[in-house]
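Engineer: Below is a structure I'd like to ask you about.
The values are calculated or read from the model by the stated rules, or taken from the named source; none is laboratory data. Model, not experiment: these values are computed from the prediction. When we count neighbours, we look across all protein chains shown, and the Cβ atoms used for this are built from the backbone with ideal geometry, even at glycine. The area values use the complete protein model at the heavy-atom level, side chains included, leaving out ligands, DNA and RNA. Shrake-Rupley method; radii C 1.70, N 1.55, O 1.52, S 1.80 Å.
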Amino acid sequence: MLYALTTEELMQRPDLWEAVHRLRHRIFVEEMGWRDIDRGDGLEIDQFDHEEAVHHVVIRNGEVAGYQRMLPTTRPHLLTEVLTDLFVDEPPSGENVWELTRYAVAPGFRDGRRGVSTVGTELIAGFVEWGLPRGVNQVIIEFEPMWVLRALQLHFLARPLGYQRTYGRQQVVATLLTFNERTLEVVRERRAHHAPVLSRGYPDIIGQRQAS
C-alpha cells in the first residue's frame with residue numbers, strides 16, 4: 001500500500017523518516033551520481049522537505065519499497081530554485097499543479113525493466129489517486145526523456161517545458177503531465193490491479209515483516 005504523509009507526520013515516525021532519506025541517498029547520490037546533494041551522512045534531505053511537502057511511501061513486507069515527494073508550485077520548488085535550466089519561459093504553477101520529485105524504487109523491488117515495476121506503477125497510480133480528489137490534475141516532473149512516451153501511453157498529456165540536460169549520470173527533461181479519471185483507469189489496467197492503492201494512517205514499524 002501507499003501512504004501519503006506530511007513532513008510532520010513523517011517526522012513523528014523516526015524509523016520511517018530515516019528509511020525514506022536513506023533510500024533517497026542510495027538512489028540519487030549513489031546510483032545517479034548527484035554529488036552536489038551529498039551531505040556525507042547517508043541521508044538525502046533538502047530545503048524542500050518543508051511543512052507543505054507530501055511524502056508518498058510504498059511499504060512492502062516491512063520495508064520502504066518506493067517513494068516520491070509532492071511539492072506545491074504555489075511556493076518555490078525544485079524546478080524554480082535548483083533546476084532552472086530545465087524550463088523555457090515561465091513554468092506552470094497554481095493550486096492544481098504540483099511538482100513530483102525524488103521518485104524512487106528500492107533496488108530489491110525492481111521486478112520490471114529499467115525500474116518500471118509493480119512498485120513503480122503503484123507510485124504512479126498513487127499520485128493520480130491522491131491528486132484528483134484534491135483538484136490537482138497536473139504534475140511537473142523531471143525525468144528521463146524516454147518517460148515522455150511512456151506517460152503518453154498511460155493517457156497522460158505530456159508537455160516538455162524545456163530542453164534536456166545532464167544531471168549526474170542521467171539525462172533529464174522537465175515535463176508537465178496532465179491527467180484525469182481516464183488516466184487512472186489506464187494506469188490500473190496496465191497494472192492489472194483496479195483497487196485503490198492509497199492507504200490511511202501509518203504503516204507498521206519498518207523492519208517488522210508481515211506474517212505470510
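Engineer: For region 74-85, which positions are open to solvent by 10 Å² or more (accessible area, probe 1.4 Å) and assigned to a loop (DSSP other than H, G, I, E, B)?
Structural biologist: T74, R75, P76, V82, L83
Engineer: Of the residues V105, V57, V64, which single one is among the hydrophobic types (A, V, I, L, M, F, W, C) and more than 10 Å from the chain's Cα centre (by Cα)?
Structural biologist: Among V105, V57, V64, only V64 is among the hydrophobic types (A, V, I, L, M, F, W, C) and more than 10 Å from the chain's Cα centre (by Cα).
Engineer: Condition first: touching a Pro at 6+ places or on another chain (Cβ under 8 Å), over 19 Å from S93 (Cβ atoms) and part of a strand (DSSP E or B). Now tell me which residues in region 128-171 satisfy that.
Structural biologist: Passing the criteria: only Q171.
Engineer: Spot the failing condition for S117; the list is (1) under 28 Å from P145 (Cβ atoms); (2) among the small types (G, A, S); (3) surrounded by fewer than 18 Cβ atoms within 10 Å (Cβ to Cβ), and only one is missed.
Structural biologist: Every condition holds for S117 apart from (3).
Engineer: For region 110-121, state whether one or more residues are part of a helix (DSSP H, G or I), among the hydrophobic types (A, V, I, L, M, F, W, C), more than 17 Å from M32 (Cβ to Cβ) and touching a Lys or Arg at 6+ places or on another chain (Cβ under 9 Å).
Structural biologist: Our first condition is that a residue be part of a helix (DSSP H, G or I); within region 110-121, this holds for 113-115, 118-121.
Cutting the leftovers down to among the hydrophobic types (A, V, I, L, M, F, W, C) gives us 119.
Narrowing the set further to residues that are more than 17 Å from M32 (Cβ to Cβ) leaves 119.
Those still in the list that are touching a Lys or Arg at 6+ places or on another chain (Cβ under 9 Å) too: 119.
Yes, because at least one residue in region 110-121 is part of a helix (DSSP H, G or I), among the hydrophobic types (A, V, I, L, M, F, W, C), more than 17 Å from M32 (Cβ to Cβ) and touching a Lys or Arg at 6+ places or on another chain (Cβ under 9 Å).
Engineer: Given (1) within 16 Å of the chain's Cα centre (by Cα); (2) within 23 Å of E95 (Cα to Cα), identify the lone condition not met by N180.
Structural biologist: (1)
Engineer: Taking region 121-144 on its own, how many of its residues are modelled with pLDDT of 95 or more and either under 20 Å from R169 (Cβ atoms) or open to solvent by 40 Å² or more (accessible area, probe 1.4 Å) (or both)?
Structural biologist: Count: 7.
Engineer: Which one is modelled with the highest pLDDT, of the residues in region 86-110 that are more than 16 Å from F127 (Cα to Cα), open to solvent by 70 Å² or more (accessible area, probe 1.4 Å) and of a type outside the set (A, V, I, L, M, F, W, C)?
Structural biologist: S93
Engineer: How many residues are more than 15 Å from the chain's Cα centre (by Cα) and β-branched (V, I, T) when one looks only at region 21-54?
Structural biologist: Number satisfying all stated conditions: 2.
Engineer: Which pairs have Cβ atoms under 6 Å, sit 6 or more apart or on different chains, and link a residue in region 1-15 that is acidic (D, E) to one that is open to solvent by 70 Å² or more (accessible area, probe 1.4 Å)?
Structural biologist: D15/I205
Engineer: Moving to a separate point now. What number of residues within region 149-184 satisfy the criterion of being crowded, with 18+ Cβ neighbours inside 10 Å, under 17 Å from G120 (Cα atoms) and aliphatic (A, V, I, L, M)?
Structural biologist: 4
Engineer: Looking only at region 1-54, which residues are part of a loop (DSSP other than H, G, I, E, B) and in contact with a strand residue (DSSP E or B) (Cβ under 6 Å, 6 or more places away or on another chain)?
Structural biologist: M1, M32, F48, E52, A53
Engineer: State yes or no: is W98 touching a residue at least 12 places away in the same chain (Cβ under 8 Å), out of contact with any Asp or Glu (no Cβ under 8 Å at 6 or more places or on another chain), within 16 Å of V197 (Cβ to Cβ) and of a type outside the set (V, I, T)? Steps first, answer last, please.
Structural biologist: Working: touching a residue at least 12 places away in the same chain (Cβ under 8 Å): yes; out of contact with any Asp or Glu (no Cβ under 8 Å at 6 or more places or on another chain): yes; within 16 Å of V197 (Cβ to Cβ): no; of a type outside the set (V, I, T): yes.
Spelling it out, it is not the case that W98 is touching a residue at least 12 places away in the same chain (Cβ under 8 Å), out of contact with any Asp or Glu (no Cβ under 8 Å at 6 or more places or on another chain), within 16 Å of V197 (Cβ to Cβ) and of a type outside the set (V, I, T).
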